[in-house]
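Worksheet for the structure shown next.
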Amino acid sequence: MSHIPGYSVVVPSLPGHGFTEGPSVSGISPCVIASIYHKLMLKLGYNKYVIHGGDWGAIIGSVMSSLYPENVVGFHTTMNPPASGWRIVLQTLIGAVFPSLVYTTEQQKSFMHPIGSFLQRIYIKFAYFHVQSCIPDCYSYGMVDSPVGLIGWIGYVFAVASGGKFDLKDGIKNFGIDNICSNIALFWITKSAQTSMRIYHEYVWGNDIELVSNLTVPETVPVAISNFPNEIMHMTQFVSRQRYKNIKQFTYHETGGHFSNIDNTEGVTGDLIAFIENHVTT
């Protein structure tokens, strides 16, 4: 990029991830973390701020944008969490039979149609989510005890999150050995593989999953969504607008996946900077 403006960037670790200590009590869910992060920003002196997030950051950022619209001046995400409602179900069913009535571009259609393949892809790629949300402590002992177990699991996650098959070789090919080893080392050195999984359990077995599915972000908060072909989950603009009432930017990319900050860094930063410069006012 020829022009890269300067910004103050705050990058907090999730509780139980990396060098952030794991919670000593239950109930530290994404909605609770959203409140913690908001208080953090205020303590740092940022009464107005922009949020960027993918994965859990997409969910936490959505919650913060919904709860604190007077402080959040913009929200950019690389993952579009699912919303609920009869309109969404109806659109999905119509799109499965008559895709041209639902999907306005070929890119949208390629991401979501045929619906059977889309749902199968979600089912397969969310295998890790089912395990980590239901029995996070059961098998995470193996990752804390054995570097081989940790390598196998993280390699699998990196592989499926980038559109590869279910083995470590795809993860290495798509992200590079340095990125894989850095992530593995961070979890191994801090022994945080186990504590980092508990957020899944809190999200599913608390009230968060229902709250997040039904929350809306008001029109006062401008939103930008970057879509990548190998992202685990996709939503159409129609579905997205049921949650985000003021979408200013909705872009598609030809490459990238769930960890698009790594495998399509320029695409993510380009979208984020364009969003801030063109649609965010403080």
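The values are calculated or read from the model by the stated rules, or taken from the named source; none is laboratory data. This structure is a prediction, so every number in the text was calculated from the model and none was measured. Quick reminder, even Gly has a Cβ in these numbers, built from the backbone with ideal geometry, and neighbours come from all protein chains shown. Ligands, DNA and RNA are stripped out before the accessible areas are found, and what is left, the full protein with its side chains, is counted by its heavy atoms. Shrake-Rupley method; radii C 1.70, N 1.55, O 1.52, S 1.80 Å.
Could you let me know the centre-to-centre spacing of the stretch 228-270 and the stretch 3-41, using Cα atoms, in angstrom? If you average the Cα positions of each part, the centres end up 22 Å apart. Shape verdict for the stretch 189-247, please, from the Cα gyration tensor: rounded (a/c under 1.5), prolate (a/b greater than b/c) or oblate. Taking the square roots of the gyration eigenvalues as a ≥ b ≥ c, the stretch 189-247 is prolate. Give me the dipole magnitude in Debye, nearest 20, for the chain about the Cα centre, with unit charges on the beta carbon: positive for Lys and Arg, negative for Asp and Glu. Charge dipole of the chain: 380 debye, to the nearest 20. Rg and Dmax of the stretch 1-102, based on Cα coordinates, read 17.6, 52 Å. Which one of Ile225, His258, Ala161 is farthest out on the positive end of the charge dipole of the chain, using unit charges on Cβ (Lys, Arg +1; Asp, Glu -1) and the Cα centre as origin? Comparing the listed Cα positions along the dipole, Ile225 ranks first.
Within the accessible area of the chain, the carbon and sulfur atoms contribute 60%, probe 1.4 Å, all protein chains present. Take a quick pass over the chain and tell me how many lysine pairs come in under 17 angstrom between Cα atoms, counting only ones 8 or more apart or on separate chains. Number of lysine pairs found: 4. Solvent exposure of the stretch 184-251, expressed per residue, is 42 Å² of accessible area, with all protein chains present and a 1.4 angstrom probe.
Once C-alpha pairs closer than 8 Å and six or more residues apart are averaged by separation and normalised to the residue number of the chain, the relative contact order reads 25 percent. Between Ser13 and Ser146, with labels modelled 7 Å along Cα→Cβ, what's the label distance in nm to one decimal, could you check? It works out to 2.5 nm between the two label points. For the stretch 198-282, what class follows from the C-alpha gyration tensor (a ≥ b ≥ c being the square roots of its eigenvalues): rounded when a/c is under 1.5, otherwise prolate if a/b is larger than b/c, else oblate? Judged from the Cα gyration tensor, the stretch 198-282 comes out oblate (a/c at least 1.5, b/c at or above a/b). Farthest towards the positive end of the charge dipole of the chain, among the residues Phe75, Pro23, Gln132, is the Cα of Phe75, using unit charges on the Cβ of Lys, Arg, Asp and Glu. Summing Cβ point charges (Lys, Arg +1; Asp, Glu -1) relative to the Cα centre of the stretch 167-278 gives a dipole of roughly 220 debye. Just the Kirkwood number for the chain, please: inverse of mean 1/r across all distinct Cα pairs, in Å, one decimal. Computed over the chain, the radius equals 19.7 Å.
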